[in-house]
Amino acid sequence: MSMKLEHVSYTYMPGTPYEKEALKDISLEIKKGEFVAVIGHTGSGKSTLVQNLNGLLHPTKGNASLDGVDLSGKSNEAKMARGRIGMVFQYPEHQLFAETVYEDIAFGPQNLGLNYEETDARVKDAMKFVGLDFETYAGRSPFSLSGGQMRRVAIAGVVAMNPDYLILDEPSAGLDPGSRDAVFAEVMELYKKRGTAIIMVTHSMEDAAQFAKRMLVVYDGRIIIDGKPGEVFLKEKEQLLKVGMDVPEVYKLADALRDKGLRLPKEITDAKTLLAEIKRRKGLR
């Protein structure tokens, strides 16, 4: 099972003075069960990329498909394929619309044709999954919630549809540390326990390093780097700097310690692991 882009280009407002080619001949495959971070500066094309991946946008040239089904098609098969790809936008208030949390989460399952009992079970399961108490929040307006809670409602709405792929656009943007940690805990549970593929658009090199197993660097409408975060940050540092990107601070600190003679493994992606390795090397507790 995989989603594919084959020689995809995408042009906004073609044939007008404002014509802009946002994607340029991209070929890409993402398999079910992967955790992929998509990084790049504003205007690089990363949001256009993921919207072509989930069928919100259709390629100007090339083909976007899921398990061989053209996502731009109008058949029931194409509709079902698009339904297997969930997306949580950067600003959840743009995604939420119903009068109550319950109605918002139920919208997706209802569109799948599920009956009341099945929909109700999915809503309750999804709310439990994201840590929102049903009795407390089901009847509340989603617009009365905090930013972190709104994002969790948006995630619950996608979880209720049991997607094979989940696209997250800047999932930590605007959240306090506690809400950020809660959202990522839920995302990691989806990835590890349900086998949902995660495609995460982010500006945060730290988030990419800590959570993703694969990283795509988008620049000027093209994927210029595709690899494991650790390898990218170690081997492609000059290329990242050349396009105005950087490496996470933990990598810089680990490199500085290696230069001072401390033998550290290359697979260090977060501060907690680095601290544990320093203590182990120094014989500290």
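Readers should treat all values here as calculations from the given coordinates under stated rules, not as data from a laboratory. Computed from a prediction, not measured in an experiment: that's the story for all the values here. Cβ atoms come from the backbone with ideal geometry, glycine included; neighbour counts cover every protein chain shown.
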Members of region 26-53 that are part of a strand (DSSP E or B), touching a residue at least 60 places away in the same chain (Cβ under 8 Å) and not hydrophobic (A, V, I, L, M, F, W, C): K31
Among (1) more than 22 Å from M188 (Cα to Cα); (2) surrounded by fewer than 18 Cβ atoms within 10 Å (Cβ to Cβ); (3) in contact with a Gly (Cβ under 6 Å, 6 or more places away or on another chain), there is one condition G45 misses while meeting the rest; what is its number? (2)
Among the residues of region 55-71, is any in a loop (DSSP other than H, G, I, E, B), surrounded by fewer than 18 Cβ atoms within 10 Å (Cβ to Cβ) and in contact with a helix residue (DSSP H, G or I) (Cβ under 6 Å, 6 or more places away or on another chain)? no
Within region 138-172, how many residues are within 15 Å of Q90 (Cβ to Cβ) and either among the hydroxyl-bearing types (S, T, Y) or within 12 Å of the chain's Cα centre (by Cα) (or both)? 8
Within region 173-215, of all residues that are part of a loop (DSSP other than H, G, I, E, B) and among the charged types (D, E, K, R), the one surrounded by the fewest Cβ atoms within 10 Å (Cβ to Cβ) is D176
2 or more residues of a type outside the set (D, E) and buried (at least 20 other Cβ atoms within 10 Å of the Cβ): qualifying helices (runs of 4 or more DSSP H) within region 102-172: 116-129, 147-159
Please specify each residue of region 217-248 satisfying the condition of being closer than 13 Å to A37 by Cβ and small (G, A, S). G227, G230
